[in-house]
Amino acid sequence: MRIIRIALDWTPNTIHSGLFLAHHKGYYKDAGIKAEFISPETDNYKLTPARRLSRRNVDFAIAPSESVISYNTSRRPAPITSVASILQRDTSAIVTLKSSGITRPAELDGRTYASYSARFEDGIVAQMVKNDGGKGEFEPVAIGRLGIWDMLKSGEADSTWVFMPWEGVEAAQNGIELNVFRMEDYQIPYGYTPLMLAHISSLRSNEEVYRRFMLATAQAYKEIAEDPEGSAAYLCQHVAHPDFNDSAFITASLKELQPALLNNKGEWGLMEGRVWGDFINWLVEIDLLQPKRPIEGWHLYTNKLLEQKAED
């Protein structure tokens with residue numbers, strides 16, 4: 001039985017639902033795999049998932065497009081590539097409390113933003129503000145990543161970046177009214193997120209087992225897309241984490257995720273060069289990225305673990 005280690009991007013939540021479903025339903029076991037999940041709770045995010053992957057401490061890491069771009073363009077590039085997109089469209093948003101009176105991005109000027117301190121993050125948010133007619137001059141406040149949502153709810157920060165199928169659902173169920181600013185509504189061609197990443201060297205030496213892992217994962221995410229209610233009930237019975245104790249919440253979250261799980265052909269995980277190109281070109285246009293070598297040489301993505309189904 002081959003152990004596959006996956007670094008999660010956040011504490012266990014519905015973004016990871018396909019991984020958990022494949023684990024508990026035995027899809028990984030049937031593929032000769034034992035999955036081990038590493039949550040950032042273990043070290044309070046001292047090491048990001050991509051950092052764990054760059055050190056080859058894990059087989060896969062969950063992270064946004066920015067992590068792939070950053071590792072491919074740093075002064076000491078790491079050969080990290082994306083092997084599947086968990087979602088086919090962006091479900092994140094910049095949010096404020098309705099009680100704050102901040103009703104549009106331009107009004108974030110002079111306000112506080114709870115930041116994850118990622119390389120491109122504050123620049124992306126600043127461009128959203130500019131695209132809405134503002135100056136893009138807000139105050140980033142960096143705290144422990146796992147406490148950012150609580151910081152917004154308590155009023156310690158005026159805005160932050162969240163996943164609507166998780167924090168957005170939580171807010172709705174708890175009567176917390178939000179103003180929601182989505183990237184696509186402010187001319188930002190935001191890339192795939194979240195992604196499953198692999199190290200190029202590990203991918204080359206473990207391609208066959210990685211493919212088995214990815215196909216089992218795809219099977220589970222497709223099941224969730226077809227039956228979010230049944231999947232929620234199953235996960236709440238089997239996932240031993242307090243965030244999976246509330247069946248109504250997990251059901252609502254999976255229903256919110258459902259339209260983003262598969263592409264228009266009913267496929268999970270596959271990526272398009274156009275989406276990557278649009279996002280990278282936009283980062284270059286707004287001077288957040290200054291490529292020092294041809295983009296064609298970057299290890300951005302590969303679909304090969306999902307495309308060769310006929311051979312398995």
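The values are calculated or read from the model by the stated rules, or taken from the named source; none is laboratory data. What you are looking at is a predicted structure, and each value in this text was computed from that prediction instead of being measured. So basically every Cβ, Gly included, is an ideal-geometry build from the backbone, and we count neighbours across all protein chains shown.
What to note about this one:
- In the stretch 177-202, the residues that are assigned to a loop (DSSP other than H, G, I, E, B) and either acidic (D, E) or touching a strand residue (DSSP E or B) at 6+ places or on another chain (Cβ under 7 Å) (or both): E177, R182, Y192, T193, P194
- Some residue of the stretch 8-17 being more than 13 Å from the chain's Cα centre (by Cα) and outside any loop (DSSP other than H, G, I, E, B): no
- Residues of the stretch 207-221 satisfying the condition of being of a type outside the set (G, A, S) and more than 18 Å from S82 (Cβ to Cβ): E208, V209, R212, Q219
- Residue match in the stretch 269-289 (condition: touching a Lys or Arg at 6+ places or on another chain (Cβ under 7 Å) and either surrounded by fewer than 17 Cβ atoms within 10 Å (Cβ to Cβ) or closer than 30 Å to A216 by Cβ (or both)): no
- Extreme residue, farthest from I143 (Cα to Cα), among residues of the stretch 20-31 that are touching a residue at least 60 places away in the same chain (Cβ under 8 Å) and outside any helix (DSSP H, G or I): A31
- Lone unmet requirement of (1) surrounded by fewer than 22 Cβ atoms within 10 Å (Cβ to Cβ); (2) assigned by TED's automatic domain parsing to the domain that holds D246 for A216: (1)
- Single condition P242 does not satisfy, out of (1) touching a Gly at 6+ places or on another chain (Cβ under 9 Å); (2) modelled with pLDDT under 95: (1)
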